[in-house]
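Down below is the structure, laid out as structure tokens.
Any read-out appearing in this document is the output of simple, stated calculations on the displayed coordinates, not a laboratory observation. Remember, predicted model here, so these are calculated numbers, not experimental data. Don't worry about glycine lacking a Cβ; one is built from the backbone with ideal geometry, like all the others, and counts go over all protein chains shown.
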Amino acid sequence: MKPSMVSAEFAHPTEKRRNVSVPSFFYLKKVLEYKGAIGLSTQNDLLLEITPEPAVMEGVSLFRVTYLSQGLRVKAALAVPDQAGPMPALLYCRGGLNNVGKVRPERISQLAAFGYIVFAPHYRGSEGGEGRDEFGGNDRQDVFSAYELLRTLPQVDPQRISLYGFSRGGMMALFAAMQCEGILAAVVWGGVSDLFLTYEERVDLRRMLRRIVGHPRKQEAAYRERSPVFTADRIRCPVLIIHGTEDQNVGVEHAYRLANALQLHDKPYELWLAEGATHLFLPELNEAYTRRMFEWLNRQVPQPV
């Protein structure tokens, strides 16, 4: 059964912003403020290093972060709007594996321009980080640790931290929505919700999946534990599902299965289907859905503790 769909009315895309190629003194000052406010030796044992990166959008500062996850040094990208806090934050869960589906500075800057601090783990084993990406195994701890770090950062409103998961990152975001207490909301955009289905529909990924996870008939438990549809009852926050109807990378059936699982357990969710859209939305459509996504996020109300 296909759940009901929330219709979309597109907003006009925002104007393109001027590129900035070299970090300014403001970026360096912010780094020092971060280090001083957090206190690397006492208040936060997760943050190891933070360095400025060249900006790609006016009004958004970029940083490269090294933090601890299960004793491993993991890398992340951080985008900070140049405005006063406290601000809401978005924990960005990337798609792909290693060099495929890497975090793009342009995308996280675009998201940060809506007034959100964006923290994007690269996951273990990527961008010089230690460990090995397990495609939804222990590497999910990299997202959990990122949340614990993010809620302590200066300028972040800890009651307004949401999740954003794209493609493979969809399942990572959903695992965090189950594990991390205090998450405001989760957005799953073109996201994987059932790894059995991924193995079935992506013949080109089967070799990689057998290498990392195993064969679904022999390692059924490993596939089930990487498939959020089977544990949707544990999700603690509202979920927004965005999916293109012609997605050939992550079929729209993933969205239907996730929505059905949430509906079965009376979990709050919305399903937005983009008719004719593929895995990567065209720029104007991407801009429109991104704007509407933030309108939805801004309507979410923190739950009393």
Got the relative contact order for segment 88-133 handy, in percent, Cα pairs under 8 Å and 6 or more residues apart? 43
Karplus-derived HN-Hα couplings along segment 234-239 (A = 6.51, B = -1.76, C = 1.60, θ = phi - 60°), whole Hz, x at Gly and Pro: 8, 5, 9, 9, x, 10
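Once a ≥ b ≥ c are taken as the square roots of the eigenvalues of the Cα gyration tensor of segment 218-305, is the result rounded (a/c under 1.5), prolate (a/b larger than b/c) or oblate (a/b not larger than b/c)? If you can, show how the numbers build up before the last one.
Numbers: a/c = 2.37, a/b = 1.13, b/c = 2.10.
Note, shape of segment 218-305 comes out oblate.
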Can you list the GluC sites (Glu not before Pro) in segment 132-212 that are in a DSSP coil and have 16 or fewer other beta carbons within 10 angstrom? E181
Over segment 25-299, relative contact order from alpha-carbon pairs under 8 Å, at least 6 apart, %: 14
